[in-house]
Structures are given as structure tokens and as C-alpha cells.
1. Between Asp12 and Asp215, how many nm apart are label points set 7 Å from Cα along the C-beta direction?
2. For Glu15, what residues show an amide H to amide H distance below 5 Å, using hydrogens built from the backbone and excluding near sequence neighbours?
3. Could you sort 139-152, 57-70 so that the peptide with the highest average Cβ count within 10 Å comes first and the rest follow in order?
4. On a 1.4 Å probe surface of the protein chains, which of Asp215, Asp40 comes out largest in accessible area, and what is the full order?
5. Taking 0.36 nm per intervening residue step and subtracting the Cα-Cα distance, what contour gain separates Asn247 from Ala136 on full extension?
6. Points 7 angstrom from Cα along the Cβ direction at Ser281 and Thr47: gap in nanometres?
7. Report, ordered by chain and residue number, the lysines lying within cross-link reach of Lys133, taken as a straight Cα distance under 26 Å and ignoring same-chain residues fewer than 8 apart.
8. Within straight cross-link reach of Lys256, meaning Cα distance under 20 Å, which lysines are found once same-chain residues fewer than 8 apart are removed?
Amino acid sequence: MPVINTTAPASDEIEVSIFGPGVGECIVFHAGLDEWYIVDSCLNPDTKQPIALEYLQQLGVDYKTQVKGIFITHFHSDHVMGIAKLIEECVSSELFFSHALAELPAFMLACMHLESTSAISTPLSKTFAEFAKCIATLKAHNRPFSRVNAGRTIFNKTNPLVRKLICLSPSNVSVEMANAKLASLNDPASKLMPGISQCTTENLNAIAIHLSLGDVSVLLGSDLEEHHGNAEVGWSAVISGGYYESNEIPKSHVFKVPHHGSITGHHDQVWSDLLESKPVSVLTTYSCQHRLKTDPLTPELPN
Ligand SMILES: [Zn+2]
């Protein structure tokens, strides 16, 4: 049995909790001064409830007032289940999602299109249902939401604690690529074949997050990947973005390894340039019948 800390952090403490019940990922972090953020969502396999809410309840955190932001890093089923309920319950939060989802109707069209043409069984229908619930909840409660891309600063405060949260992706080029692909789905003359290869692009649009509080810094890698050596997207774009060279943000001590540890989420310079030596590194697994790409011979599948 895992030991779960049920003591809430002090006001000046950073706390990051990463949940990964086999398939699914959710991160809950305390950004200081009783301000909490949730990154993605998954369900407790036993109760079928969003694990973030259960955890905050265990800590005695008033999530209705203290959760200030919810991130949907990207819209894959292992990152969004229960997100609509989080939005509904955390009434003081703003929703942040990838700028690549700017064209919401286009994304819905893409979901339907992929589902109807996919050669293998995928959980897209569940993802689509969750997405539809999110839209309904946002509309019903007139909740704020914001599209995020690389360089977006969510907060940068110095009083009384030095605290900063900045998004490192998606790059502008990956947003353009995503929107072009989505638009092509509505174009009968398009030569792009629908299928799995389009779905994998979604990971290039995932939001990687850098959080710092005082001397401690955390890098949350989401499912951000590399893309055939394209320097303008993925981790290559983060590295060339200049955030670290300009000392805008420090190297991190804690790392949520991207994309469940797949080789496509690895970049040597992340470890040398963005992280302190020997960072505390955690990943969530992806345990189902489909395998992630761990070597060049392993088929790659969306997640
Ligand atoms: Zn994932």
C-alpha cells in the first residue's frame, strides 16, 4: 500500500503530487500561499471520482476557493477523464488549455472524424464526451478560460514569496501545424489521410509547465514529445526558446518525465540544460494493451 501524505503543506512550501493509476495522469500542486493548481485529470479506479478532488479533500483543502487554475495539457483520454467535474467543483479556478485547441469546433470535428475512420479501437468517444461536458460546464457557469502557448506567464509574484509559473509549450509552429491539420479534415480535397499519425501530433501541442517557488523549481513535462528532429516544435523548441539562457527561469530540481517515459519524449538537452543534476524524476505509466514507443521497432500509439 502506498503511503499518502495527508498533511497539507505550509504556506511557504511547494508540494507536487503526481497520480498515475496505470493509465491516466493527474498532478496537483501547491504554489504557495494556499493557492493550488491541477494539471490534467484521471479517476480513482476504485471510486471513479477525480483523484484530484479526493486528494484535496483528504488534505482538508477548500478546493472551491483555493484551486486557482486547472490545466488541460492536451486532449488525450489518459489526461482528461473527470476534468469536467473539476471545472464544475473548483469554482474559483480558471481553465487553461493548449492554444492548439483554439478552434474548438474543429477539434470536435477531428474527434468524430478520427473515431469514424480509425482502424483500431481507441477511447476517443470517452474523450469526446468529456470534452463536450467541459464545454457545457464552461458555458453554463460562464467560467473563464484561456488558451496557452509557449512563453505564457500564468503568474509572476514577488510579494511575499518569489513565485512564478510559466508555460514552455506549445510552440507557435506546432500550433500552426495542428490548426492546419484540423482544418484539412474539413476539406474534401485534402490529401491528408486521417488516422493515428494525426493523433500523435497532439502531443506536440501539450503544455509543459515550469513552476518555481523560492529556490525550488519543478518542470512538468506533460506528454510533450519530439517530432522527427523538427527544431521548431517539442522539446527542441523549448530548449531554443531562450527561457533558461536569459535566467528568466532556473533549472529544475523536480521533473515529471514527459509522455510516460517513452523515447519520443526524450531529449538529451532537457537533462543537461533544463534540470539540476540528479533531479527527483517521476513518471506515470501507461499500462494497457497498446505499447508506447520504447525503441524504433515498437509501434507508436496515441495516448
Ligand atoms: Zn499521456
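1. My value for the distance between the label points is 1.2 nm.
2. The list, which skips near neighbours in sequence, is His30, Gly32.
3. In descending order of packing, they fall as 57-70, 139-152.
4. Asp215, Asp40
5. That works out to 35.9 nm of additional length.
6. 3.3
7. Answer for Lys133, where 26 Å is the Cα cut-off: Lys48, Lys64, Lys68, Lys85, Lys181, listed by chain and number.
8. Cα-Cα hits under 20 Å: Lys164, Lys278, Lys293.
The values are calculated or read from the model by the stated rules, or taken from the named source; none is laboratory data. Keep in mind that this is a model prediction, so the values were computed, not measured. With ideal geometry, Cβ positions are generated from the backbone for all residues, glycine too; neighbour counts draw on all protein chains shown. Heads up: the accessible areas ignore ligands, DNA and RNA and are worked out on the full protein's heavy atoms, side chains in. Shrake-Rupley method; radii C 1.70, N 1.55, O 1.52, S 1.80 Å.
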